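Chemist: Provided herewith is a single structure, encoded as structure tokens, for subsequent inquiry.
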Amino acid sequence: MSGWARAIGVFAMLATVVAGGAVQAQNSERPAFVFTGIPDQDEARLVERYGRVASYLQQKLGVPVRYLPVKNYSSAVTAFSNGEVQLAWFGGFTGVQARRLVPGSQALAQGAEDAAFRTYFIANTRLGLVKAADFPRGTAGRTFTFGARSSTSGRLMPEYFIRQAFPDKTPDEVYARIGYSGEHSRTIQLVQSGVFDLGAVDYTVWDLDTKAGRVDPEKVNVIWESPPFANNQWSVRGDVDHTWGKGFSDKLRQALLGMSDPVLLAPFGRSKFVPVTNDAYAPLIAVGKTSGMLD
Amino acid sequence: MLSARLRPASYTTVSLWFLAVALAALLPADLHVTSLSPWADLRRLLDGLVRPEFVAVEAWSVVYTVAFAVIGVTLGAGAGFLLAIPFARFRSVRLVCACLRAVHELFWALLLMQVFGLSAATGILAIALPYAGICAKVYSEIIEEADLSALRVVPYGTGAVSAFVYARLPDVAASLRHYTLYRLECAMRSTLVLGFIGLPTMGFYLESAFRQGRYGEAGALLFVFYLLIGSRRLWVRARTVPVLIVASLLLLPKTVGSTEVWPSLVRFVTQQIVPSPLRQGALLDPATWSRLWAWTQPIVTQQILPGAAQTLVLAQIALVATAIGALVLFPLTSRRFAGRLGQPAGRVLLVVVRSTPEYMLAYVLLQNLGPSMLPAILALSIHNAGIVGYLMGRHADGLPYRPDAPTGLNLYAYETVPRLYGQFLAYLLYRWELILRESAIFGILGVATLGFYVDAAISELRIDVAVVLIAATVVLTLCVDALSRALRKALRIDTLPMRLSQPMVKGAGG
């Protein structure tokens with residue numbers, strides 16, 4: 001049997017070399033400062049948005065800055081929690097998820113609009129609904145699409161408002177069909193094309209897509225505007241000062257707050273960035289717990 | 001003989017049972033087309049696909065797709081080969097291999113991502129782990145099937161390795177090579193699909209292109225992909241393999257961030273996958289175990305049971321749809337039915353169909369038809385009917401016919417199909433497990449199969465729940481596999497060829 005042992009040994013060596021090569025490929029480059037963002041809307045806009053932010057931050061921070069594109073919200077949280085990225089543009093809820101996993105991490109800055117953020121409930125116009133001040137209770141039994149599963153304005157808060165309007169019922173008991181579109185631009189497209197009757201969408205994305213001419217007012221309209229809640233923010237890991245030197249996170253916060261160029265801000269749909277702390281998101285933790293999305 | 005008289009009857013019985021189950025499954029299945037203008041959308045899609053924009057293709061994504069596949073298969077096939085040796089002797093090895101392959105590449109990737117992030121390691125291991133399980137099983141089957149006459153004349157006292165290398169390997173080398181090349185083709189499809197969840201392969205750009213409606217770019221990417229698969233025999237040769245492996249290693253994508261692999265791995269094993277009640281409470285405290293029960297119960301009743309039911313509903317309908325599709329399609333690839341000119345055209349069609357990853361097909365159809373089970377059924381049955389049809393076509397041309405055999409529909413209905421029916425069932429029963437595995441995965445796209453709940457658990461960062469759900473898909477897959485094996489044995493079709501890469505037995509299945 002020693003022959004087999006040798007064969008296994010040779011294979012193990014080969015495997016080690018291969019694995020070593022893979023690790024080598026990972027470590028050969030000088031660690032750059034890497035950030036990501038939740039893919040919450042049209043991808044072309046994300047590329048534009050983060051490309052500009054990367055070169056802006058590189059100039060302000062004086063270190064190489066790279067953007068890691070991700071396909072869904074949970075990958076952004078995972079990348080933050082396992083140290084692949086140090087900074088991320090999160091939604092309210094994904095920020096909470098990420099900071100719970102990384103001790104010492106903190107929310108640095110939010111958009112001026114994020115302190116009192118809103119969700120729009122939108123409907124296909126064939127339903128013949130008009131905008132009203134009260135929650136659209138008459139839409140029960142229709143089909144409804146959320147955004148991404150862990151979106152704040154696309155899932156967490158709309159679900160909370162649905163549960164408030166229909167006590168003791170879950171959204172899939174209220175509506176005939178529940179979907180998760182993945183992102184807000186897609187939600188608008190799905191309601192516009194009639195695949196779903198209703199949807200919940202981030203109001204800044206609705207405004208951006210309306211300006212871009214991608215919303216057909218003949219086919220889809222806003223029927224309800226939610227009460228305000230806290231949303232998106234830039235969050236940073238606690239270990240950046242250790243890696244890039246003392247005071248790095250303050251420098252980073254200043255750089256983020258200093259983004260005043262409309263070219264940088266426009267793809268975010270934000271007027272400016274303002275300071276924020278982790279405490280601003282405590283209400284979202286409570287909401288997450290009531291709907292069972294957080295332990 | 002009695003058994004000979006029973007056989008045709010039991011083919012019919014089994015077929016009718018499957019048909020009945022599929023018809024019953026249609027009742028709870030949701031088959032709505034919710035899109036208001038599905039045909040307009042599909043026409044735009046086809047329009048773009050026939051006008052590919054090659055400048056838009058991200059060349060590195062093509063390189064990464066090949067590199068991930070080559071290294072994934074190298075590791076998977078290497079480990080599979082070593083596992084194939086004790087495979088027949090040890091039950092534990094068989095069980096480990098069965099579990100490795102019962103977990104879909106995408107599920108592996110979702111779990112590995114927690115540790116390795118969106119890095120090359122995630123992509124490679126997501127291929128290598130399940131492929132080690134599959135290769136171990138198939139290699140061991142190939143070795144078992146081999147001719148033993150050379151081994152019998154090996155002198156007494158020859159070492160095990162020498163005996164294997166000189167007396168057995170030459171006999172099975174061709175089959176092993178053939179199968180490994182086929183695995184590489186599968187791995188290319190798998191790596192492409194991994195791009196849909198964020199790895200930098202062609203799927204990453206395909207997903208964007210489909211989502212944004214840039215169908216010209218999608219068409220170009222697909223064309224390049226079909227070309228890669230179609231030409232694999234030209235670029236994968238004995239001499240090029242070492243070059244391919246080394247080049248793939250050198251060209252692997254540089255990870256953007258540096259993951260802390262070790263702490264992530266420790267956290268994954270000691271925290272993330274441990275059920276949360278056990279993580280928080282003391283193990284000796286009975287209250288911990290009652291909390292574990294309270295934790296498990298809703299997962300079983302609200303996620304596993306409905307998810308498994310939907311997975312089975314989808315799989316059974318797709319299996320029968322595959323059967324019907326294959327029966328309709330296979331004459332296209334048979335010279336006797338399609339003629340000298342029609343046959344190559346039919347073959348190209350079915351090769352294209354089988355090279356199209358089901359997951360991508362389901363993604364595209366779901367976008368255009370709206371969220372229901374229908375797109376998933378279509379995607380599964382188109383892909384699998386392509387494969388089974390292609391194989392059946394080869395068998396149909398291998399049958400010896402009498403010179404005065406009828407032609408056309410008469411030949412098809414009264415001679416070809418009856419003679420090949422056993423073979424046909426063997427293929428379908430073999431693909432049953434694969435269809436089930438894929439049905440579970442489609443949940444990630446929004447159909448309420450088990451993958452739907454896995455996706456939910458991952459997005460709520462409940463990796464412990466995701467692991468329980470994935471374990472449930474493994475159990476379901478193993479049950480179907482066992483049932484399929486038992487049925488094949490009962491129908492006495494268990495010795496017929498089943499794999500795509502397997503050489504045909506002349507005139508088999510009569």
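Chemist: Would you mind giving the three semi-axes, in whole Å and largest first, of the ellipsoid equivalent to the protein assembly as shown according to its Cα gyration tensor? Write down the numbers at each step before the final one.
Modeler: On the way: eigenvalues 436, 208, 131 Å².
Each semi-axis is the square root of five times an eigenvalue, giving 47, 32, 26 Å.
Chemist: Stretched out fully, how many nm does the piece from B:VAL352 to B:THR12 gain, at 0.36 nm a residue minus the Cα gap? Kindly include the intermediate steps, with their values, before the conclusion.
Modeler: Values: separation 340, 0.36 × 340 = 122.40 nm, distance 3.17 nm.
Additional length available on full extension: 119.2 nm.
Chemist: About its Cα centre, how strong a charge dipole does the stretch B:58-272 have in debye, to the nearest 20, once Lys and Arg get +1 and Asp and Glu get -1 at the Cβ? Could you put the intermediate results ahead of the total?
Modeler: Values: 18 positive and 11 negative charges, 45 e Å.
Magnitude of the dipole: close to 220 debye.
Chemist: Rounded to the nearest 5, what % of the DSSP beta bridges within the stretch A:83-214 are antiparallel ones?
Modeler: Bridges in the stretch A:83-214 are about 45 percent antiparallel.
Chemist: Need one number: % antiparallel among DSSP beta bridges in the protein assembly as shown, to the nearest 5.
Modeler: 65
Chemist: Would you list the P(r) distribution for the stretch B:156-242, with all Cα-Cα distances sorted into 5 Å bins from 0 and each bin expressed as a whole %?
Modeler: 3, 12, 16, 16, 13, 10, 8, 7, 5, 4, 3, 2, 1, 0
Chemist: Can you put A:SER271, B:SER334, A:SER153, A:SER260 in order, fewest other beta carbons within 10 Å first?
Modeler: Taking fewest neighbouring Cβ atoms as first place, the list is A:SER260, A:SER271, B:SER334, A:SER153.
Chemist: When A:LYS246, A:LYS60 are ordered from fewest to most other Cβ atoms inside 10 Å of their Cβ, what list results?
Modeler: The order, fewest Cβ neighbours first, is A:LYS246, A:LYS60.
Chemist: Give, rounded to the nearest 20 debye, the magnitude of the charge dipole that the protein assembly as shown has about its Cα centre when Lys and Arg contribute +1 at Cβ and Asp and Glu contribute -1 at Cβ.
Modeler: With only Lys, Arg, Asp and Glu charged at Cβ, the dipole is about 2020 debye.
Chemist: Still on this structure, please answer the following. Rounded, prolate or oblate, given the Cα gyration tensor of chain B, with a/c below 1.5 counting as rounded?
Modeler: Judged from the Cα gyration tensor, chain B comes out rounded (a/c under 1.5).
Chemist: Considering the dipole of chain B built from charges on the beta carbon (Lys and Arg +1, Asp and Glu -1) around the Cα centre, which of B:PRO371, B:VAL165, B:LEU228 is farthest to its positive end?
Modeler: B:VAL165
Chemist: Which Cα, out of B:ALA490, A:PRO283, B:VAL348, lies furthest along the positive dipole direction of the protein assembly as shown (beta carbon charges, K/R +1, D/E -1)?
Modeler: B:ALA490
Chemist: For the stretch B:359-366, just list the computed ³J(HN,Hα) in residue order, Karplus coefficients 6.51, -1.76 and 1.60, θ = phi - 60°, integers in Hz, with x standing in for Gly and Pro.
Modeler: Whole-Hz 3J(HN,Hα) from phi for the stretch B:359-366: 4, 5, 4, 5, 4, 5, 5, 5.
Chemist: Another one. Let me check the size of the stretch B:9-119 from its C-alpha atoms; what are the radius of gyration and Dmax in Å?
Modeler: Answer for the stretch B:9-119, Rg first and Dmax second: 22.5, 58 Å.
Chemist: To make sure I understand, if each residue's beta carbon is the centre and we count other beta carbons within 10 Å, what order do A:THR94, B:THR477 fall in, fewest to most?
Modeler: Details: A:THR94 29, B:THR477 25.
Ordered by Cβ neighbours within 10 Å, fewest first: B:THR477, A:THR94.
Chemist: Over all pairs of distinct alpha carbons, what does the Kirkwood formula give as the hydrodynamic radius of the stretch B:58-272, in Å?
Modeler: Taking the inverse mean of 1/r over all distinct Cα pairs, the stretch B:58-272 comes out at 18.8 Å.
Chemist: While we're here: Excluding residues on the same chain fewer than 8 positions from B:LYS137, give the aspartates and glutamates whose Cα lies under 14 Å from its Cα.
Modeler: B:GLU145, B:ASP481
Chemist: Under a Cβ-only charge scheme (Lys and Arg +1, Asp and Glu -1), can you give me the dipole magnitude of chain B about the Cα centre, in debye to the nearest 20?
Modeler: The calculated dipole for chain B is roughly 1360 debye.
No lab work stands behind these numbers, since they all come straight from the coordinates. Values in this document were obtained by computation on a predicted structure and should not be read as measured data. Reconstructed Cβ throughout: ideal geometry from the backbone, glycine too, with neighbour counts over all protein chains shown.
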